[in-house]
Structure formats: C-alpha cells, structure tokens
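To start, the structure itself, in structure tokens.
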Amino acid sequence: MMHPPQDARLPLLLLPGLLCDHALWAHQVAALADIAESQVADLTNADSVAAMATQVLATAPQRFALAGLSMGGYVAMEIMRRTPERVLGLCLVDTTARPDTDEQRERRMALIKLAKMGKFKGVTPRLLPALIHPDRANDPTVAGVVLEMAERVGRDAFLRQQSAILGRIDSRPFLGAIQVPTLCIVGRDDAITPPDRLEEVAAAVPGGRCMVLDHCGHLAPLEQPDQTSALMREWLAGLWSAD
C-alpha cells in the first residue's frame, strides 16, 4: 500500500441530513483532521436533490472523498451519477437508495403540514424518537445537539429539504456503476433506514461493505462518534492505495 506523505490530507466533503448542519460531523472533522481536510456542505438552500448536488459541486475541490448521511446520502448518490470521476471514495451513513414508501410519504407530509401551520418547533420533538437510540433521548451531547441543529436550520429550509427528499429518484439501478471504495455505516437500531437498507447498497456496489453499529439509531456520527470516525479513518487510508 502506498502511504500518504506525512503532511498530505485528502479533501473530504461531508453532507448532512435533514435538519442537520456542521455539528453532525464535528467529531469526524476533528478526529480525522490529520488525514482529511474536511468541508461540511450547506444543504439548506435548495428544494431538490439535483439542485443540492449542483450547489455542492460548485464549491467542492476538484477531487474529493465524499460522505453523506440520510438526505446527504441521497445527494452523494446524485453526485456519483453526475461526476463520478471527481470522487475518490464514497461513505454512505444511515441512508437508503430507495425512494420513500407510501407510509413514509404520509409521515413526511404530516410534518410539512405542521411546519406550515406555524408549529415548526413541534417537528423536531416528534422526529427525535425515530432519529436517535431511546437511551439518548435526554443526552445533551446527542438530543441537545439535534435540537440545536434543527433550530439553526429553521422552518423554511426544513420545507425545502422535505421537498427534495420527497422528489428523489430510486438510486438502486445506478449502484452497480459505482467504481470507488464504498463504505456503508448504519446504526443497528436505525428506525428510519434500518440496516438492511445499507446492506442492500453495499451488496449492489462492487466491493462495497457495510458496518452495523450497536446501540445506535439514525445519527451514527453523533451517537457513536468514535466508531464512526475510526471506520472512516480506515476507509480514507485505503483511498491512497486505490487512487
């Protein structure tokens, strides 16, 4: 394996999920700082996955490693379809290649209705039980961070993001074309995108692998930060020999 020069760092683009921002990836940015020059994308200004991808690519380095959680994963898969030659490696966290089920669409529409009625502050508490492991419901380092992120993102961006998520395409037919080292990470207790969704992705991507984290819900970078960062470190180290 070719080892990176001592002072070299790979550009790493991190894509947050619905109602999330830079705080989602804070541990990874710090823990991987010696090997990755991280940039957390802002996914609050567009109302389609395609437009989000366009905005991300406009400010991205020429070549980069790419990681996305949930909605960020949908954008990452769009980037892989659009500019695969720019991506050195792919890490998909707590996401799915599938479109919403009818039941998921109904739940999403109910939250949109709530937000439009002026009750946006009620959205995150409703989402929280599905987002994180029940044991962390009162943990300020997890639940507290989720609530703070949602407040910063705000109602209008939430509505744009939900519109983007509802309009996303089925990415499954494109997974076989991915030719870069691909790591999938998912919480064993993820209620939104259960482990089988990421196992499906890893099985479809040539050479893809899936790691399931115990005692973890939908937000692995926050809930199991050390494990997530360690897995991403191993993935990033492998990109030096793959490129």
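The values are calculated or read from the model by the stated rules, or taken from the named source; none is laboratory data. Computed from a predicted model, the values in this text were never measured in an experiment. Using ideal geometry, Cβ is built from the backbone for each residue, glycine included, and neighbour counts are taken over all protein chains shown. Note: areas computed on protein heavy atoms with side chains; ligands, DNA, RNA excluded. Shrake-Rupley method; radii C 1.70, N 1.55, O 1.52, S 1.80 Å.
Could you grab me the full set of residues in region 198-211 that are farther than 17 Å from Leu15 by Cβ and either open to solvent by 40 Å² or more (accessible area, probe 1.4 Å) or in a helix (DSSP H, G or I) (or both)?
If the condition is that a residue be farther than 17 Å from Leu15 by Cβ and either open to solvent by 40 Å² or more (accessible area, probe 1.4 Å) or in a helix (DSSP H, G or I) (or both), then Glu199, Glu200, Ala202, Ala203, Ala204, Pro206, Gly207, Arg209, Met211 are the ones that fit.
Considering only region 154-175, how many residues are β-branched (Val, Ile, Thr), part of a helix (DSSP H, G or I) and open to solvent by 20 Å² or more (accessible area, probe 1.4 Å)?
Result for region 154-175: 0.
Quick one: in region 17-29, which of the residues that are out of contact with any strand residue (DSSP E or B) (no Cβ under 8 Å at 6 or more places or on another chain) and not in a helix (DSSP H, G or I) is least open to solvent (accessible area, probe 1.4 Å)?
Checking each candidate, the answer is Leu19.
Select, from Leu14, Leu10, Leu32, the only residue that is in contact (Cβ under 8 Å) with a residue 24 or more places away in the chain, open to solvent by less than 30 Å² (accessible area, probe 1.4 Å), more than 18 Å from the chain's Cα centre (by Cα) and closer than 15 Å to Gly89 by Cβ.
Leu10
Considering Leu198, Leu147, Leu131, Leu159, which residue is of a type in the set (A, V, I, L, M, F, W, C), closer than 18 Å to Asp100 by Cα and more than 17 Å from the chain's Cα centre (by Cα)?
That would be Leu159, the only listed residue that is of a type in the set (A, V, I, L, M, F, W, C), closer than 18 Å to Asp100 by Cα and more than 17 Å from the chain's Cα centre (by Cα).
Listed here are the residues, each with its yes/no results for (1) farther than 20 Å from Leu239 by Cβ; (2) without any contact (Cβ under 8 Å) to a residue 12 or more places away in the chain; (3) surrounded by fewer than 16 Cβ atoms within 10 Å (Cβ to Cβ).
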site: Asn45; (1), (2), (3): yes, no, yes
site: Leu66; (1), (2), (3): no, no, no
site: Tyr74; (1), (2), (3): yes, no, no
site: Glu78; (1), (2), (3): yes, no, no
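Being assigned to a helix (DSSP H, G or I) and open to solvent by 70 Å² or more (accessible area, probe 1.4 Å) is the filter here; which residues of region 126-153 pass it?
Of everything in region 126-153, those that are assigned to a helix (DSSP H, G or I) and open to solvent by 70 Å² or more (accessible area, probe 1.4 Å) turn out to be Arg126, Pro129, Pro134, Asp135, Pro140, Thr141, Leu147, Glu148, Glu151, Arg152.
I need the full set of residues from region 42-69 which are assigned to a loop (DSSP other than H, G, I, E, B) and touching a His at 6+ places or on another chain (Cβ under 9 Å), in order please.
Of everything in region 42-69, just one residue is assigned to a loop (DSSP other than H, G, I, E, B) and touching a His at 6+ places or on another chain (Cβ under 9 Å), namely Asp42.
Of all residues in region 83-111, which are aliphatic (A, V, I, L, M) and either part of a strand (DSSP E or B) or under 22 Å from Glu148 (Cβ atoms) (or both)?
Result: Val87, Leu88, Leu90, Leu92, Val93, Leu111.
Check region 102-110 and report whether any residue there is of a type in the set (A, V, I, L, M, F, W, C) and open to solvent by less than 10 Å² (accessible area, probe 1.4 Å).
No: region 102-110 contains no residue that is of a type in the set (A, V, I, L, M, F, W, C) and open to solvent by less than 10 Å² (accessible area, probe 1.4 Å).
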